Amino acid sequence: MANVKQILGELDKDSFVTLMEKLIGESKYVQNNPPDLIPEEDRVVKHVLDILNPYGTTVGGPLVINHISYTPKRGNLIVEYPGTESDKVVSFVGMHMDVVTANPDAWEFDPFSLSINGDELRGRGTTDCLGHVALVTELMKRLGETKPKLKSTVVAIFIASEENSSIPGIGVDELWGDGWFDKLNQGPLYWIDAADKQPCIGTGGTIPWKLKVTGKLFHSGLPNKAINALELGMEALREIQTRFYKDFPPHPKEKVYKFETPSTMKPTQWSYPGGGINQIPGECTIAGDVRLTPFYSVSDCMKKLQEYVDYLNANIEKLDTRGPVSKYVLPNENLRGRLDISFDQTSSGIACDLNSLGYRVLAKATKEVVGYLKPYSITGSLPLVRDLQDKGYDVQTTGYGIMATYHANNEHCLLSDMGQGYLVFASIIAQLEG
């Protein structure tokens, strides 16, 4: 074990920072917010390949490199360092090459170029997740350079289209469907898209929802002739949330897994067709999401939400109203207010197996390198992880950015944290050899 760690050594920080400069320089072009911003992940792939191709099998090196694209300019990258035993694999996956948007006017520094302030590496993607792309690239480069004799095959999967799933068929789901994950169940799988250099032992499921509210538009001077969609939406959502928190209360296992919050349902967007301020709107749409801890079923929750809406539609006149003439039913016109709920693409959270080999190895490496072990859970979401776990994969998640800067203005990471992340990876590989 000591020999493997000695061979892999420490992170080449100069090489890492040079690569980071190139990757953060592409962050403007890999912002993911369709239809306005469609990322071109191949811009990132190019820089990674510039580092790894000199060690690829096509030039006599050990790295098996596959660039997999399902749509132009939006590739995924799979890199393997072969081991000597076919039934032993350790994988580092989930490092995504797209980023969330950044408004330069709201930042204290340019989000689209790397700047350095002491130990801080600053720019969009440094924490989420281009910093991890660079980190695992450096790990695979070192394997290609030093060619240690390993029992385990080491696999790295860099993915496209993680930050927005509204355009399907591009990234990790397609890789999964095409079998690129099939052999990764022969050892621990580490999803590298978390932060604070500790094991993230639990994540949340997501249920994006839209509640369309239909009333009757009318002049605000005659509110008795209207069904106010805004009032109906507010009262209906209050009732839906009340029922949700009754049916999905804090779960006892959330304390065991140290979840920061229990399951939640909340609105995040509100829209209506527009019109004059003296018009009572006849329709509106409220949108938001459910974040569900992994001890509840996403499908059960969706079924419950639909049941709430069905009940309210059947009993719309029982909802609280606002003012003496506010109403949701106009009997003389045979009109009733109506609610319709719909769901976008959902995902399920994960509670990692804390008794598995993957977790034990990660925990030991973290304590050894970082100096302490403090696992945590959040209701942030990751793609595919629950599907992998349900199929028997030993899935663990961790990362070396800074949680407080995820999706935030002034995103940054620490070079020292990334250096520790590299040592954790080296320790994991070495332990599995032992």
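Structure values in brief
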{"quantity": "3 or more residues crowded, with 21+ Cβ neighbours inside 10 Å and of a type in the set (Gly, Ala, Ser): qualifying helices (runs of 4 or more DSSP H) within segment 291-393", "calculated": "none"}
{"quantity": "Residue within segment 337-350 that is touching a Cys at 6+ places or on another chain (Cβ under 6 Å), at negative phi and at pLDDT 95 or above present", "calculated": "no"}
{"quantity": "The lone exception for GLU254 - which of (1) in contact with an Asp or Glu (Cβ under 7 Å, 6 or more places away or on another chain); (2) of a type in the set (D, E, K, R); (3) under 30 Å from VAL424 (Cβ atoms) it fails", "calculated": "(1)"}
{"quantity": "So THR146, is it in contact with a helix residue (DSSP H, G or I) (Cβ under 6 Å, 6 or more places away or on another chain) and polar (S, T, N, Q)", "calculated": "yes"}
{"quantity": "So THR206, is it assigned to a strand (DSSP E or B), among the polar types (S, T, N, Q), more than 30 Å from ALA430 (Cβ to Cβ) and open to solvent by 10 Å² or more (accessible area, probe 1.4 Å)", "calculated": "yes"}
{"quantity": "Within segment 116-142, tally of residues that are closer than 18 Å to TYR422 by Cβ and without any contact (Cβ under 8 Å) to a residue 40 or more places away in the chain", "calculated": "0"}
{"quantity": "Given (1) open to solvent by 40 Å² or more (accessible area, probe 1.4 Å); (2) touching a Lys or Arg at 6+ places or on another chain (Cβ under 6 Å); (3) within 20 Å of THR285 (Cα to Cα), number of the condition ASP247 does not satisfy", "calculated": "(3)"}
{"quantity": "Residue among ILE227, ILE201 that alone is open to solvent by less than 40 Å² (accessible area, probe 1.4 Å), modelled with pLDDT of 95 or more and more than 29 Å from LYS88 (Cα to Cα)", "calculated": "ILE227"}
{"quantity": "Condition met for SER299 (free of Cβ contacts under 8 Å to residues at least 12 places away in the same chain and out of contact with any Phe, Trp or Tyr (no Cβ under 8 Å at 6 or more places or on another chain))", "calculated": "yes"}
{"quantity": "Subset of segment 212-243 (residues that are closer than 18 Å to ASN332 by Cβ and not β-branched (Val, Ile, Thr))", "calculated": "GLY215, LYS216, LEU217, PHE218, HIS219, LEU222, PRO223, ASN224, LYS225, ALA226, ASN228"}
{"quantity": "Members of segment 1-40 that are assigned to a loop (DSSP other than H, G, I, E, B) and buried (at least 21 other Cβ atoms within 10 Å of the Cβ)", "calculated": "LEU11, GLU26, ASN32, PRO39"}
{"quantity": "Only one of GLN241, GLN269 that is closer than 30 Å to SER220 by Cβ and assigned to a helix (DSSP H, G or I)", "calculated": "GLN241"}
{"quantity": "Count of segment 176-203 residues which are under 23 Å from CYS413 (Cβ atoms) and in a loop (DSSP other than H, G, I, E, B)", "calculated": "7"}
{"quantity": "Number of positions in segment 410-434 that are buried (at least 20 other Cβ atoms within 10 Å of the Cβ) and assigned to a strand (DSSP E or B)", "calculated": "2"}
{"quantity": "Test result for VAL90, in contact with a helix residue (DSSP H, G or I) (Cβ under 6 Å, 6 or more places away or on another chain), within 14 Å of GLU41 (Cβ to Cβ) and buried (at least 24 other Cβ atoms within 10 Å of the Cβ)", "calculated": "no"}
{"quantity": "Qualifying residue in segment 394-409 (condition: closer than 22 Å to PRO188 by Cα and open to solvent by 20 Å² or more (accessible area, probe 1.4 Å))", "calculated": "yes"}
{"quantity": "Filter pass, VAL154 being crowded, with 17+ Cβ neighbours inside 10 Å and farther than 22 Å from ASN53 by Cβ", "calculated": "no"}
{"quantity": "Subset tally (residues that are of a type in the set (Val, Ile, Thr) and open to solvent by 10 Å² or more (accessible area, probe 1.4 Å)) for segment 98-146", "calculated": "4"}
{"quantity": "Inter-residue pairs, beta-carbon under 8 Å, first modelled with pLDDT under 95 and in segment 257-278, second among the aliphatic types (A, V, I, L, M), 6+ apart", "calculated": "GLU260/ILE378; TYR272/ALA229; TYR272/LEU230; GLY275/LEU217"}
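The values are calculated or read from the model by the stated rules, or taken from the named source; none is laboratory data. Remember, it's a predicted structure, so these values are computed and weren't measured experimentally. Virtual Cβ from ideal backbone geometry, glycine too; neighbours counted across all protein chains shown. Just so you know, the surface numbers come from the protein's heavy atoms only, side chains and all, with ligands and any DNA or RNA stripped out. Shrake-Rupley method; radii C 1.70, N 1.55, O 1.52, S 1.80 Å.
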